[in-house]
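The next block holds one structure in the form of structure tokens; read it before the comments.
The values are calculated or read from the model by the stated rules, or taken from the named source; none is laboratory data. Here the structure is a predicted model, which means the values were calculated and not measured. Glycine gets a Cβ as well: all are built from the backbone with ideal geometry, and neighbour counts include every protein chain shown.
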Amino acid sequence: MNTTAAGTASRPTLDFAPDVDHLQGRRAGFVSRAVAFSIDGLIVIGGVPVIMFGIAVVQGLLEFEAPMYPPDLPDWLTGLISGLWSFWYFVGLWFATGRTVGAVVMGLRVVGRSKEHVGIVAATIRWWVMFATLFLIGEAWLILSKSRLAIHDRAAGTQVIYDSAVKRREVQVALAPEGATDTDPPR
């Protein structure tokens, strides 16, 4: 039990947001990037059936029939749609915000070498190199890289840095017990 300034006992609290300020702006390592990429992979893989169901609904509406899942599409078109979804997800989010959903969760951001916004060309090159290396070889390269740059980072002139959008104090205030104020002493 901790005690407050008035000498009363208070409950111990868990620190849900460890202080990571010293990492801000530094290049992210393999584990952080792998967890972020795993989250993104689940979203991309899970998004394909959702897209296919949407196509099935549209086909059903156009043919005045109940939707048939999976939709009646040639395999090459299904593959193309899957590839375009992956492309849009990664390139679109890198270009728009520098972050995918996995990057937001892990507090990462894709930036240029001078920490500037990633342009559409760099984001596209980054995705194509990741695609060409099966999304795995570049990450394996990262384990051996002292500079913490994967193959796709080198090719596109990008880097992944720690850039937590949610600051520690904001998380603590949001998770504080009811009735606690921002001026309460730390426990």
Going through the stretch 52-73 one residue at a time, which ones are exposed (fewer than 15 other Cβ atoms within 10 Å of the Cβ), at pLDDT 90 or above and either closer than 22 Å to F131 by Cα or of a type in the set (G, A, S) (or both)? G54
Where residues in the stretch 117-163 are at pLDDT 90 or above and of a type in the set (D, E, K, R), which of them is nearest to G79 (Cα to Cα)? R126
Residues that are under 19 Å from Q159 (Cα atoms): which helices (runs of 4 or more DSSP H) entirely in the stretch 22-126 hold 3 or more of them? 30-63, 93-96, 101-106
Verdict on R27 being at pLDDT 85 or above and basic (K, R): yes
